[in-house]
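Input: a single structure, listed below in structure tokens.
The values are calculated or read from the model by the stated rules, or taken from the named source; none is laboratory data. Given the structure is predicted, the values throughout are model-derived calculations rather than measurements. All Cβ positions, even for glycine, are placed from backbone atoms using ideal geometry, and neighbour counts span all protein chains on display. The accessibility values were calculated without ligands, DNA or RNA, using every heavy atom of the protein model including side chains. Shrake-Rupley method; radii C 1.70, N 1.55, O 1.52, S 1.80 Å.
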Amino acid sequence: MRWFWILFFAVCPIAALVICIIAPGMDWWFPSEAGSPLGERIDSLFHLILYIVTGTFIGTQIAMVFVLWKSSKQDDERAWFSHGSHNLEVIWTIVPAGILLFIALYQMDVWAEYRVVSNFPKEARRAPVAEVMARQFEWRIRYPEPGRILQIQAQPTDLYAVNELIVPAAKPVMIYLKTQDVQHSFFLPELRVKQDAVPGQIIPVWFEATKPGEYDLVCAELCGWGHYKMGARVVALAEEEFAAAMEQLETEQSDDGFAESGDDDEE
Amino acid sequence: MRLSSFGVLPVSIRQKIKLLAVLCVGFVLTGCDAFSPPEAKFVVREETTELTDDVADSVEKELESAFGTPHELVAWLKLPIDYGGIPGATEESDIEGPLNKFPVAFDAEADEVFQSQFREEDGEFHFGERGTRLDWVTGEYAGQTMHVTGYDPEKNFLTTREKMEIAPAAGDTFVLSAGDKLKAGRALYMEHCMHCHGVSGDGNGPTAPYLNPRPRDYRLGQFKFKSTKPAEKIRRDDLSRIIKYGIPGTYMPSFLLLEEDQLLALVEYVRWLSMRGELEYRADQELILASGLTEEIIDERIEDGDTPEEIQEEVDDAVAEMPELFDGLAEGLAESWAFAEDEESLIVPTVARVPDTFESRARGRKFFLEKCTNCHGYNGRGNGSMTEDFQENEQTKELYPEPGLFDIWGNPIKPRNLTKGLYRGGRRPIDLYRRLFGGIGPSKMPNFATTDPSTLWDTVNYVMHIPFEKPDEYTEVDQEYFEQKKAAGGEEPKTADRDADSAEIKQTSTGTTESSDQG
Ligand SMILES: [Cu+2]
């Protein structure tokens with residue numbers, strides 16, 4: 001029986017090691033590859049932490065297996081009771097504290113770029129693409145008319161959409177995030193963006209979709225019974241296509257239903 | 001034809017995995033019942049329960065034979081519903097029975113018919129163990145259901161699991177995969193809509209009590225936001241739009257991520273529920289108002305000296321005539337729902353939108369003062385005098401106990417506050433035009449179908465600009481209007497009201513969509 005436990009505790013770190021090595025390559029940790037440059041850097045931070053934790057885990061496991069193995073040979077020696085070692089405790093407090101401090105400092109750049117408005121890319125800050133208003137249970141979107149700057153107050157020329165946020169691809173974009181009722185969270189898993197929408201606040205969020213395509217937009221804050229309904233999409237389009245899509249939205253929204261043929265209601 | 005039940009399981013693999021995960025948990029927590037909807041049967045209308053027992057039973061039976069149950073839907077071909085399925089017919093052949101192979105022809109292209117059964121890998125058709133459902137409509141086997149297990153694209157031969165003693169005659173018609181669309185609609189409805197709108201579409205699902213405004217009860221066959229002329233039904237396009245884009249200011253969210261075919265299936269199911277509800281409602285009206293067959297009226301008559309035998313005879317007659325009553329009502333219903341899809345029902349402006357200038361808006365403002373302020377208020381804030389008066393219930397002819405306006409479902413409603421910039425039926429100019437032209441029947445907003453279209457456009461321009469109005473923008477216009485009124489001998493509204501309202505609006509900011517518009 002004792003050999004079973006020794007083997008069991010020896011196999012655990014080995015399995016953990018194997019899993020940690022193959023996990024990033026198998027896309028187990030993240031929903032697909034990061035679709036944005038900042039997302040890649042966030043991923044690499046996660047990976048760094050993963051490596052540190054893996055190393056620590058394996059180290060402690062080896063130590064434990066070693067103790068088990070060693071004492072399994074001492075059949076008649078009684079275990080002794082210890083009040084601890086001051087030196088050891090100092091070491092295992094300072095070493096993790098140092099590691100944590102290192103992580104805290106190392107990630108600061110990414111954090112600042114992600115969250116601090118003055119560090120946002122200039123071109124994103126200059127012209128927010130849209131206001132995203134979360135509400136129970138959908139995302140209402142307000143764009144400025146093409147060529148205009150988005151205002152905090154609604155403008156007569158604004159364009160409206162719901163559950164589909166169109167943005168230009170391959171360039172940083174910024175949105176204003178708001179909520180009409182309770183807390184929601186603007187979550188773009190593929191782009192590694194997650195930001196709570198807080199009642200009464202207008203929160204700027206920036207992101208960049210490297211490639212044109214459709215990305216999930218979901219709510220990541222349990223906001224009520226219909227929380228699961230808040231699935232939407234972000235559509236990243238190449239520059240010209242984006243302009244065309246905005247123009248089309250404008251045409252649709254100014255539809256007066258008057259057509260010579262008399263048939264107008266197609267969208 | 002009966003469409004046997006399939007589980008209400010959605011289709012995509014992703015959802016299947018999700019469901020599988022839920023299933024595992026669900027079994028542990030609540031057992032197998034976790035999946036059946038809390039009330040998986042159609043609710044009986046209150047009016048039906050007021051009928052005398054025999055008549056009520058007969059109504060319910062008739063409804064069930066025409067529509068089935070939520071688990072076993074029935075495709076009643078009298079209704080203008082696209083139940084789904086592909087029609088086909090048998091061709092001439094010299095094979096003699098018993099057989100399970102016969103030549104066929106479809107209106108659609110054959111490779112489209114069996115698209116979902118065709119596998120690229122082996123270039124063969126796979127029908128699975130059950131086979132694809134085939135319902136005979138005419139001929140020897142009319143009314144029977146068989147299952148297609150093979151298809152020969154060269155000779156256009158179908159193979160069925162069932163053996164037939166005699167060959168179907170050439171020209172016998174059948175439907176493949178009948179009811180697929182309605183069943184798909186049901187699965188989606190149960191997943192996305194049922195918890196608010198209820199299994200029967202009575203707007204009384206488990207989450208409904210927590211919502212204001214209440215979810216729509218489809219069973220009167222009436223909807224607010226439609227593009228058709230005042231008396232007409234709602235179109236498929238309108239329902240699609242509502243499901244796709246939601247209704248801001250209410251709890252109806254947007255289901256933009258549904259695929260186009262899912263959307264159409266859902267629309268069809270909602271129409272079907274609506275027709276079912278309306279048929280029951282109309283039958284009840286007929287049996288109560290025309291025939292007087294409620295328990296209450298019968299009791300009164302017996303007190304007045306009518307013999308029970310006499311009354312029983314009437315009841316028996318009503319029960320015997322129930323199928324005809326339903327057929328007749330269904331015909332009328334089918335006609336009106338079908339006509340809504342006709343081009344003639346659609347509201348199409350006869351003139352293009354008038355350019356949105358101050359002059360146009362000023363004309364719109366005058367029309368607004370003339371027609372709209374009683375409900376929408378002097379400044380469009382939805383606080384007109386009607387909201388403080390006691391209104392009469394049209395059915396009971398009594399005053400409601402609370403002041404304010406009520407819709408045909410008996411729910412209290414508020415005229416829209418137009419300063420918020422929230423437009424439930426859509427914010428395109430055409431949406432607002434249609435709202436004015438067609439009115440909102442169920443909430444008693446009158447229609448202006450006979451008003452000059454340019455005046456309607458002026459009003460649309462004015463209304464769309466209300467959220468951005470400057471405090472004194474229309475003072476002169478208003479003065480001019482009231483002077484004209486006075487000159488014509490009309491009565492000027494009390495200035496005190498106007499001033500109070502104006503003072504109030506100056507303190508609040510205009511031109512914002514930030515705050516929600518509940519009510
Ligand atoms: Cu939410």
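Some observations on this one:
- In nm, spacing of pseudo-spin labels at A:Trp69 and B:Lys371 (7 Å Cα→C-beta vector): 9.1 nm
- Histogram of C-alpha separations across segment A:122-253, 10 Å bin width, %: 13, 48, 34, 5
- Given their separation in residues at 0.36 nm each and the Cα-Cα distance between them, A:Val53 and A:Ser118 gain 20.1 nm when the chain is fully extended.
- Gain upon complete extension [B:His147, B:Glu331; 0.36 nm per residue less C-alpha separation]: 63.0 nm
- Think of each Lys and Arg Cβ as +1 and each Asp and Glu Cβ as -1; about the Cα centre, that makes the dipole of segment B:210-263 roughly 340 debye.
- Selection from B:Phe482, B:Ser65, B:Tyr151, by position along the positive dipole direction of chain B (Cβ): B:Phe482
- Given R0 = 56 Å, the distance between the Cβ atoms of B:Ala290 and A:Glu239 translates into a calculated FRET efficiency of 0.25.
- By the helix-only formula, in which each DSSP H run with n ≥ 4 contributes -39500 (n - 2.57) and the sum is divided by residues, the protein assembly as shown has a 222 nm mean residue ellipticity of -13000 deg cm²/dmol.
- When the protein assembly as shown is described by a simple charge dipole with +1 on each Lys and Arg Cβ and -1 on each Asp and Glu Cβ, the residue from A:Tyr176, A:Phe81, B:Leu257 located farthest towards its positive end is A:Phe81.
- Full extension of the chain between B:Lys41 and B:Glu162 yields a length gain of 40.3 nm, computed as 0.36 nm times the residue separation minus the alpha carbon distance.
- Each Lys and Arg contributes +1 and each Asp and Glu -1, all at the Cβ; summed about the Cα centre of segment B:86-177, the dipole is approximately 400 debye.
- Relative to its Kirkwood radius, the Cα radius of gyration of segment A:15-119 gives an Rg/Rh of 1.15.
- Amide H contacts of B:Glu162 (H built 1.01 Å from N, in plane; Pro and chain starts excluded): B:His147 sit under 5 Å, all sequence-distant by 5 or more or on other chains.
- Per-residue 3J(HN,Hα) values for segment B:403-416, derived from phi via the Karplus relation 6.51 cos²θ - 1.76 cosθ + 1.60 with θ = phi - 60°, read x, x, 9, 10, 8, 5, 8, x, 8, x, 9, 10, x, 4 Hz in sequence order (x marks Gly and Pro).
- When the GluC sites (Glu not before Pro) in segment A:1-90 are filtered for DSSP coil states and for at most 10 other beta-carbon atoms within 10 Å of their beta-carbon, the remaining sites are A:Glu77.
- Applying 1/(1 + (r/R0)^6) with r as the Cβ-Cβ distance of B:Ile302 and B:Ala352 and R0 = 51 angstrom yields a FRET efficiency of 0.20.
- Percent of alpha-carbon pairs separated by more than 44 Å within the protein assembly as shown: 45 percent
- Shielding score for A:133-141, defined as the mean number of other chain Cβ atoms within 10 Å: 4
- Residue ranges A:78-84, B:450-456 sort as B:450-456, A:78-84 when ordered by packing (mean number of other C-beta atoms within 10 Å per residue, highest first).
- Each of A:Phe66, A:Leu222, A:Pro204 was placed along the dipole of chain A (beta-carbon charges, centred on the mean Cα), and the one lying farthest toward the positive end is A:Phe66.
- Amide H partners (placed H, <5 Å) of A:Leu165, local residues excluded: A:Arg233, A:Val234, A:Val235
- Taking Cα atoms only, the orientation of helix B:236-245 departs from the longest principal axis of chain B by about 70 degrees.
- The candidates A:Phe30, A:Phe57, arranged from most to least accessible area with a 1.4 Å probe in the full protein assembly, appear as A:Phe57, A:Phe30.
- Segment B:311-365 versus segment B:443-463: alpha-carbon centroid distance in Å: 20 Å
- Cα-based equivalent ellipsoid of segment B:272-315: semi-axis lengths in Å, sorted from largest, via gyration tensor: 28, 9, 6
- Angle in degrees between helix B:13-30 and the longest Cα principal axis of chain B, rounded to the nearest 10: 90 degrees
- Taken one residue at a time, the phi angles of segment A:71-76 give Karplus couplings (6.51, -1.76, 1.60, θ = phi - 60°) of 6, 5, 8, 9, 5, 9 Hz. Gly and Pro are set to x.
- Applying Stokes-Einstein at 37 °C and 0.692 mPa s to the Kirkwood radius of chain B, computed over alpha-carbon pairs, gives a translational diffusion coefficient of 122 µm² s⁻¹.
- Applying 1/(1 + (r/R0)^6) with R0 = 30 Å to the Cβ-Cβ distance of A:Ile202 and B:Thr475 gives a FRET efficiency near 0.35.
- For the residues of A:151-161, the average number of beta carbons from a partner chain within 10 Å of their own beta carbon is 4.
- Under 23 Å from the Cα of B:Lys101 - lysines, other chains or at least 8 residues apart: B:Lys155, B:Lys163
- Model label points for B:Glu129 and B:Ala170, set 7 angstrom from Cα along the Cα-to-Cβ axis, are 3.9 nm apart.
- Set A:Lys229/B:Lys244; B:Lys226/B:Lys366; B:Lys224/B:Lys444 screened for pairs whose C-alpha atoms are more than 18 Å apart: B:Lys226/B:Lys366
- Here the Karplus curve 6.51 cos²θ - 1.76 cosθ + 1.60, taken at θ = phi - 60°, turns the phi angles of segment B:309-322 into couplings of 4, 4, 5, 4, 4, 4, 4, 4, 4, 4, 5, 5, 8, 3 Hz, with x standing for Gly and Pro.
- Sequence-distant lysines (8 or more away, or on other chains) whose Cα lies within less than 29 Å of B:Lys61: B:Lys41, B:Lys78, B:Lys181, B:Lys183, B:Lys233
- Segments B:307-320, B:151-164 sorted - mean Cβ within 10 Å per residue, highest first: B:151-164, B:307-320
- Mean partner shielding of peptide B:253-259, defined as the number of other chain Cβ atoms within 10 Å of each residue Cβ, is 6.
- In degrees, nearest ten, helix A:86-106 long axis to first principal axis of chain A (Cα): 20 degrees
- For A:His184, residues with placed amide H under 5 Å, excluding near neighbours: A:Ala197
- In terms of packing, defined here as the mean over residues of other Cβ atoms within 10 angstrom, the peptides A:5-12, A:165-172 line up highest first as A:165-172, A:5-12.
- Estimated distance in nm for a label pair at B:Leu211 and A:Val110, the labels positioned 7 Å out from Cα along Cα-to-Cβ: 4.2 nm
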